[in-house]
Amino acid sequence: MDSNRYRYQRQVQLKEIGAVGQDKIRKAKVLVIGAGGLGCPALQYLAAAGVGTIGIVDFDVVEISNLQRQILYTVDDLGQSKAITAAKRMEALNPEITIQSHNFQLTNKNALEILENYDIVIDGSDNFATRYLINDACMLLDKPLIYGAVLRFEGQIGVFNLEDTETRVKTNYRDLFPKPPDSTSAISCNDVGVLGVIPGIIGTMQATEALKIITGVGKPLTNKIISCNALENTFHNFEIVPSTNQSFDFPKSKMAFLDFNYDWMCTPNVNFDMLSVEEFDILRINEKITIVDVREKGELPLVEEFPVVLIPLSEFENLVSTISQEYKIIFFCKSGQRSLKALKLFKEKFPDCQAYSLTGGIEYWKNNKYKI
């Protein structure tokens with residue numbers, strides 16, 4: 001018996017989908033940006049449903065702390081590329097489809113070239129700079145964007161850049177957040193955690209929205225956000241309307257997009273000193289300094305190139321006074337956000353001490369391999 005003949009039988013049985021809808025799914029191309037907590041369930045269900053071409057963008061590697069919620073990976077995958085590992089899992093799940101693995105960081109220099117090859121984009125990223133970048137690329141290319149976010153016991157999902165068939169209104173991520181939140185006060189899963197099933201719920205809903213858009217079945221979450229709270233078992237819907245704030249700096253052309261600095265846009269305007277990776281290398285080689293890692297215990301990548309003091313941000317306020325002030329102090333984390341928070345807390349207590357935050361974090365330093 002040819003098992004492939006029956007692979008999509010339960011889906012085709014749905015009168016709203018049928019053979020015509022399944023053929024639309026087979027021809028569709030969906031890009032999932034981020035193969036993490038949101039991306040893992042979205043990828044699995046898209047592949048199982050028979051989406052003909054699925055792209056995966058992720059430059060990260062599998063860490064032990066990922067396994068609590070990123071259910072595509074096992075302990076055997078630790079240290080391996082998420083994009084490549086996820087692609088192998090998808091190919092094993094459904095060899096009939098095409099998986100395209102983009103094992104590098106999405107930037108404004110490559111985003112348009114990548115996104116233009118897909119019909120729908122699912123945002124599984126975990127920082128504001130990337131979310132704004134993805135949103136703006138989708139606007140310039142006129143691609144539907146399925147947004148998702150999680151924190152603690154809550155999650156959000158919505159659909160942007162897709163015109164409502166009744167109201168003819170089309171909104172985008174900048175209508176939800178006209179200005180980036182202050183990253184020194186904004187919290188993330190790295191700071192406060194997330195229940196592992198929450199990204200599973202939201203990522204699966206993102207895959208659902210993609211299939212609805214592809215087949216034309218039902219009413220997508222166009223110009224809407226669904227917010228769910230697992231502790232209270234509540235779901236709330238709210239409408240997104242075009243922003244009346246015309247001050248936000250949106251790149252209105254592809255050329256402007258290529259020149260736009262999303263990291264700068266999402267970096268708070270504070271009087272704290274930040275070190276580039278080049279400046280950091282010069283300083284650590286030529287001076288005695290104290291380097292403080294504010295990541296949680298066990299986070300990758302490991303740092304073996306120089307000695308560090310580990311003070312997780314979750315314990316920082318209690319331990320800040322233990323940091324030696326004999327030399328200049330450099331704080332770092334994975335991407336540069338938590339280290340800014342640590343620097344802010346430190347400077348509030350010791351305003352006269354020379355302290356800095358490593359721009360881009362240790363991951364950026366390792367990827368760029370600046371060595372003097």
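Each of C228, G216, G203 was scored by the projection of its Cα onto the charge dipole of the chain, and the greatest displacement toward the positive side belongs to G216; charges sit on the C-beta of Lys, Arg, Asp and Glu. Think of the chain as having a plus end and a minus end, set by charges on the Cβ of Lys, Arg, Asp and Glu; of N172, I289, T53, T53 sits farthest toward the positive end of this dipole. Taking only the C-alpha atoms of the chain, Rg followed by Dmax gives 21.9, 76 Å. Taking the Cα centre of segment 28-162 as origin and assigning +1 to Lys and Arg Cβ atoms and -1 to Asp and Glu Cβ atoms, the resulting dipole is close to 120 debye. Sort out the exposed loop GluC sites (Glu not before Pro) in the chain (DSSP loop, at most 15 other Cβ within 10 Å) and tell me the longest stretch that has none. In the chain, the maximal stretch lacking such sites is 17-95.
Rolling a 1.4 Å probe over the heavy atoms of the protein chains gives the chain an accessible area of 49 Å² per residue.
Surface composition of the chain: carbon and sulfur make up 51 percent of the accessible area, probe 1.4 Å.
Charges were assigned to the Cβ only: +1 to each Lys and Arg, -1 to each Asp and Glu. The resulting dipole of the chain about its Cα centre is roughly 860 debye. Which of rounded, prolate or oblate describes segment 26-121 when judged by the alpha-carbon gyration tensor and an a/c cut-off of 1.5? Oblate shape, in that a/c is at least 1.5 and b/c is the bigger or equal ratio. Taken over segment 234-350, the percentage of Cα pairs per 10 Å bin, counting from 0 up to the bin with the maximum distance, is 10, 33, 26, 18, 11, 1. Of the residues L258, A35, P307, the one whose Cα sits farthest toward the positive end of the charge dipole of the chain, with +1 on the Cβ of Lys and Arg and -1 on the Cβ of Asp and Glu, is A35.
Placing +1 on the Cβ of every Lys and Arg and -1 on the Cβ of every Asp and Glu, with no other charges, gives segment 94-167 a dipole of roughly 380 debye about its Cα centre.
Electrostatic tally near G200: other residues with Cβ closer than 14 Å to its Cβ, Lys and Arg +1, Asp and Glu -1, net 0. In this structure the amide hydrogen of V32, modeled in the peptide plane, comes within under 5 Å of the amide hydrogens of G55, I56, V57, I122, none closer than 5 places in sequence on its chain.
In this calculation the C-beta distance from F306 to W264 is compared with R0 = 22 Å, giving a FRET efficiency of 0.20. Our coupling estimate for segment 70-77, obtained by passing each phi through the Karplus curve with A = 6.51, B = -1.76, C = 1.60 and θ = phi - 60°, is 9, 6, 7, 10, 10, 4, 5, 8 Hz, Gly and Pro reported as x. A helix-only calculation puts the chain at -9500 deg cm²/dmol for mean residue ellipticity at 222 nm, using -39500 (n - 2.57) for each DSSP H run of at least four residues, averaged over all residues. Could you work out the relative contact order of the chain? I mean the mean sequence separation of Cα pairs under 8 Å and 6+ apart, divided by the number of residues, in percent. Taking the mean separation of contacting Cα pairs over the length of the chain, I get 14 percent.
The angle separating the long axis of helix 128-141 from the principal Cα axis of greatest extent in the chain is about 40 degrees. Each other residue within a Cβ distance under 10 Å of G218 adds +1 if Lys or Arg and -1 if Asp or Glu, for a net charge of 0.
Pull out a ≥ b ≥ c, the square roots of the eigenvalues of the alpha-carbon gyration tensor of segment 294-351, then state rounded if a/c is under 1.5, prolate if not and a/b is larger than b/c, and oblate in the remaining case. Verdict is prolate for segment 294-351.
Counting trypsin sites (Lys or Arg not before Pro) as exposed when in a DSSP loop with at most 16 other beta carbons within 10 Å, what is the longest stretch of the chain free of them? Segment 16-108 is the longest.
Against the main long axis of the alpha-carbon atoms of the chain, helix 39-49 sits at an angle near 20°. In the chain, the longest principal axis of the Cα atoms and the axis of helix 277-286 are about 30 degrees apart.
The values are calculated or read from the model by the stated rules, or taken from the named source; none is laboratory data. These figures come from a predicted structure and were not determined experimentally. Backbone-built Cβ (ideal geometry, glycine too); neighbour counts: all protein chains shown. To get the accessible areas, we keep the full protein, side chains included, count just its heavy atoms, and leave off ligands, DNA and RNA. Shrake-Rupley method; radii C 1.70, N 1.55, O 1.52, S 1.80 Å.
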